[in-house]
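Here the structure is laid out as structure tokens; the discussion comes afterwards.
The values are calculated or read from the model by the stated rules, or taken from the named source; none is laboratory data. Values in this document were obtained by computation on a predicted structure and should not be read as measured data. Cβ atoms come from the backbone with ideal geometry, glycine included; neighbour counts cover every protein chain shown. Surface accessibility is based on the protein's heavy atoms, side chains included, excluding ligands, DNA and RNA. Shrake-Rupley method; radii C 1.70, N 1.55, O 1.52, S 1.80 Å.
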Amino acid sequence: MAKFKMHILVCGGTGCTASKSQEIADRLKSNLLEKGLENEVQVILTGCFGFCEKGPIVKIMPDNTFYTEVKPEDAQEIIEEHIIKGRKVTRLLYTDPDKKEHVADAKHMGFYKKQLRIALRNCGFIDPENIGEYIACDGYAAVAKCLTEMTPEQVINEIKLSGLRGRGGGGFPTGMKWEIASKNHADQKYVVCNADEGDPGAFMDRSILEGDPHSIIEAMTINGYAIGATKGLVYIRAEYPLAIHRLQVAIAQAREYGVLGNNLFGTDFNFDIELRYGAGAFVCGEETALIHSMEGKRGEPTFKPPFPAQSGYLQKPTNVNNVETYANIPIIILKGANWFNKIGTEKSKGTKVFALAGQINNVGLIEVPMGITLREVIYEIGGGIKGGRQFKAVQTGGPSGGCLTEKHLDTPIDYDNLIAAGSMMGSGGMVVMDETSCMVAIAKFYLEFTCEESCGKCSPCRIGNKRMLEILDKITKGNGTMEDLENLKNLAGVIKDTALCGLGQTSPNPILSTLTNFWDEYVEHVQDKKCRAGACKSLMRYVIDQSVCVGCTACARNCPVNAIQGEKKTPHTINLELCIKCGTCIEKCKFNAISIQ
Amino acid sequence: MAQIKSLKDLESFKNSVKEQIDTRVKGNQDGLVQIKVAMATCGISAGAKSIYNYFLEKVDEKKLDVVVYQTDCMGRCNEEPTVEVALPNQESIIFGNVDKAKVDEILEKYGK
Ligand SMILES: Cc1cc2nc3c(=O)[nH]c(=O)nc-3n(C[C@H](O)[C@H](O)[C@H](O)COP(=O)(O)O)c2cc1C
Ligand code: SF4
Ligand code: SF4
Ligand code: SF4
Ligand code: FES
Ligand code: FES
């Protein structure tokens, strides 16, 4: 095959596909054809670059030019200017939020500088639907090495030595999990990849499956060899159609090339993979519920033990790992445990992928070494708080996690430090909040999610969380008492201790951590009926400054509920009983006489 | 496609497809010598395109760890084709009136 001088990488992840990246790729190709450049320049649809909010992304190689928010109409200019004349299309370059300057290439973007891409190594780099590109990047070399040069025990020892811990939330040591599963004997064992990804806002697993599906197939095969399983199942939510498609294509190609199926690499080891679809309930991501759901039963958790490694799918020993955990496996085998365990902190090795979101300049999917500080993530990768506002908190761990504050900015991020700070790693949600976020409202948001997703099997979670939500609602409406705050603390403790599964056991975390870190704010809501962030609508009071109001009547005429009284040319007043806080009067007053208190 | 049935099969298949991603791999690598050929209007008419192609050809032939790409005009119309050689952590060096002999010279000196 001819060697292409230039490669145009077009993001084919879910976000960019939704904003027409396929059409961009098609137009680029037809423009190249028109110019007779189709044998010199190649267009490739890749997985996600992590910069979805500024998508569609187009990256030119080898010069690393990074174009953002590209439209199909821009294709012609990219070809005529950049590809033919070597002249970058400046208006499509990323603009640095600090310096307001265009950044010429990805290597100079703050967003990428501090990242270390291990699990995402091939995302945004190869064509996920082409097994050849995966193999060109050392794909399937790890499984070949395991099968032909290593014993299952050696594979397990390598993973143990690497220090890899589960990325699905719990952080359980992966090598140890494999060892347990390998020691339970049975006529059939199973390997399950958990691609349920129920955390609101998380999309790392989806991106890995879309951008590098073969790495998961390879890792599951290695897992099968290590524990003595010949069957793999991927439990994936049905709302991920693109990820499902890419996995199906990859599985078909892997079978065709003989790297999945019988007698792999000339050995007597057989392995195959099937997909199982989930309906997208959060609790189905919990491993026992997931297994029940795969068996066609209700997706409800059951008490552990027995652990899946003892009695899992169809009562057989089953090893469940998360997508991102798997994505690390092949490269650990190839580069060695001693390469991997030098990255990260003492007890958390390697990297973690986070979905960085919230009031921050650069949002997106990032992969950083364990031990990086929140400050580096927020101010260097994230480019700082939007609009130059003040940082207030960062939520990690989603509905099972908590909030970190200013005082945690320089804490190295790893499993143990996050737990010590009252939060957790979770699956990698990271929401940055500024002074306009109300911490009581945030706690309420996550609790609403938990209540919605509780399977209802046990009462602490089903009833207790409802009660806590009622109390939070009362507080945000300005009707809370100090006794409510005490009750909240007590309830949270009881639920944590008595709920059956991880969902209920961790559901009080967002409340407990905000109670600890933002106690003053709770008290303010209760005693002063005040929300300093101005987020709790019920606590807002619209007031007309009597010394500024000229009595023009504009506000009164526009108030939808006639809450404003006053004679013409005399100061007006707002009847707070009637006011529905719609904000119309503020907009209408030309004299800035109305404010929110 | 013949099936991959051994480590050797995998390696030979890898070697057959490795070239496909070479341009990307080099682009991603840090610390490589970068050669930028100016392709502005006058550069192209002065033969920059054939110089760019010749660079690529030679780098491939000699298997050098060098990235070659096109760039915008350098504002030196009278010396086209111009080429910038960017060495890792050093000031770039600019060459004017580059012809094939000069390409060989540049690669001899800076290519690795
Ligand atoms: C309520 C709940 C939801 C979960 N959701 C997921 C999920 O979406 N994806 C996932 O990989 N693990 C999820 N887990 C964790 C799994 O139970 C299990 O620990 C994990 O898949 C093991 O893989 P790992 O060791 O590679 O992390 C969830 C746990 C709980 C309690
Ligand atoms: S804790 Fe909640 S989600 Fe878990 S079993 Fe009980 S009711 Fe269901
Ligand atoms: S906020 Fe709306 S409802 Fe309240 S006084 Fe102003 S216009 Fe009327
Ligand atoms: S619009 Fe402003 S100035 Fe006019 S009556 Fe209302 S508060 Fe007073
Ligand atoms: S989907 Fe394109 S950058 Fe994420
Ligand atoms: S056009 Fe001649 S140097 Fe720019």
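Worth a mention:
- Burial order of peptide ranges A:416-424, B:71-79 (average beta-carbon count within 10 Å, highest first): A:416-424, B:71-79
- Computed over the Cα atoms of chain A, pair by distinct pair, the Kirkwood hydrodynamic radius stands at 26.3 angstrom.
- Among B:Ala101, B:Ala48, B:Ala38, residue whose mean-square fluctuation peaks in a GNM of chain B (springs only between Cα atoms under 10 Å): B:Ala101
- DSSP assigns beta bridges within region A:1-150; of those with both partners inside it, close to 60 percent run antiparallel.
- Filtered GluC sites (Glu not before Pro), region A:100-136: DSSP coil and at most 12 other beta carbons within 10 Å: A:Glu101
- The C-alpha atoms of region A:498-556 occupy a region whose extents along the principal axes are 62, 21, 14 Å, arranged from largest to smallest.
- Once backbone amide H atoms are built at 1.01 Å from N, A:Gly429 has A:Ala355, A:Gly397, A:Gly398 as its partners under 5 Å, excluding neighbours fewer than 5 places away on the same chain.
- Over all projection directions, the Cα-based convex hull of region A:1-114 averages an area of 7.0 nm².
- Other protein chain Cβ atoms within 10 Å, averaged over every residue that makes up A:132-140: 6
- Debye intensity ratio I(q)/I(0), log10, region A:251-408, q values 0.08, 0.10, 0.11, 0.17 Å⁻¹ (C-alpha model): -0.39, -0.60, -0.71, -1.21
- Amide hydrogen neighbours beyond the local backbone of A:Lys352, cut-off 5 Å, H modeled: A:Val368, A:Met370
- Global form of region A:131-340, assessed from the alpha-carbon gyration tensor, a/c cut-off 1.5: rounded
- For region A:431-485 versus region A:104-158, the spacing of their alpha-carbon centroids is 41 Å.
- Residues of region A:343-375 with amide N under 14 Å of a point placed 7 Å along Cα→Cβ from A:Lys113: none
- Highest-fluctuation residue, B:Phe95, B:Phe55, B:Phe13 considered, GNM on chain B with Cα pairs under 10 Å: B:Phe13
- J(HN,Hα) series, region A:411-418, from Karplus relation 6.51 cos²θ - 1.76 cosθ + 1.60, nearest Hz, glycine and proline x: 6, x, 7, 8, 3, 6, 5, 5
- Karplus-derived HN-Hα couplings along region A:62-79 (A = 6.51, B = -1.76, C = 1.60, θ = phi - 60°), whole Hz, x at Gly and Pro: x, 8, 6, 4, 10, 9, 10, 6, 7, 10, x, 5, 7, 4, 4, 5, 4, 5
- Helix A:482-498 and the long axis of chain A differ in direction by around 20°, with both axes built from C-alpha atoms.
- Shown in residue order for region B:88-96 are the 3J(HN,Hα) couplings computed by the Karplus curve 6.51 cos²θ - 1.76 cosθ + 1.60 at θ = phi - 60°: x, 6, 9, 5, 6, 10, 10, 10, x Hz (x for Gly and Pro).
- Given A:Lys20/B:Lys18; A:Lys352/B:Lys14; A:Lys59/A:Lys100; A:Lys189/A:Lys347; B:Lys26/B:Lys109; A:Lys160/A:Lys352, the pairs whose alpha carbons are separated by over 25 Å: A:Lys20/B:Lys18; A:Lys352/B:Lys14; A:Lys189/A:Lys347
- When peptides A:314-327, A:287-300 are ranked by their average number of other Cβ atoms within 10 Å per residue, the highest-first order is A:314-327, A:287-300.
- Computed FRET value (nearest 0.05) for A:Ser547 with A:Ile580, which takes r as the C-beta separation and R₀ as 22 Å: 0.30
- Per-selection Kirkwood Rh - region A:472-531 (Cα, Å, 1 d.p.): 11.9
- Residue among A:Met109, A:Gln597, A:Ile366 farthest towards the positive dipole end of chain A, charges placed on Cβ: A:Gln597
- Using equal-weight Cα scatterers in the Debye expression, the normalised intensity of region B:30-110 in log10 at q = 0.12, 0.15, 0.16 Å⁻¹ is -0.29, -0.45, -0.51.
- Distance between the modelled labels on A:Tyr277 and A:Glu53, one decimal in nanometres: 3.2 nm (7 Å Cα→Cβ projection).
- Label point distance in nm, B:Lys112-B:Ala86, each placed 7 Å from Cα along Cα→Cβ: 1.7
- Residues whose placed amide H lies under 5 Å from that of A:Gly278, excluding near-sequence neighbours: A:Ile236, A:Arg237, A:Ala238
- Dipole of chain A, positive direction: furthest Cα of A:Gly50, A:Pro305, A:Met482, with charges on the beta-carbon: A:Met482
- FRET efficiency estimate (nearest 0.05) - Cβ-Cβ, B:Val25 to B:Asn97, R0 30 angstrom: 0.40
- Qualifying GluC sites (Glu not before Pro) for region A:172-275 [loop in DSSP, other Cβ within 10 Å: at most 12]: none
- For region A:225-272 versus region A:520-552, the spacing of their alpha-carbon centroids is 59 Å.
- Here region A:218-284 carries DSSP beta bridges of which approximately 10% are antiparallel, counting only pairs with both residues inside.
- With every protein chain in place and a 1.4 angstrom probe, the accessible-area ranking of A:Val89, A:Val561, largest first, reads A:Val561, A:Val89.
- Only helical runs count toward this figure. For the protein assembly as shown, summing -39,500 (n - 2.57) over DSSP H runs of n ≥ 4 and dividing by all residues gives -10500 deg cm²/dmol at 222 nm.
- B:Ser50 contributes an accessible area of around 60 Å² to the protein surface, as traced by a 1.4 Å probe with all chains present.
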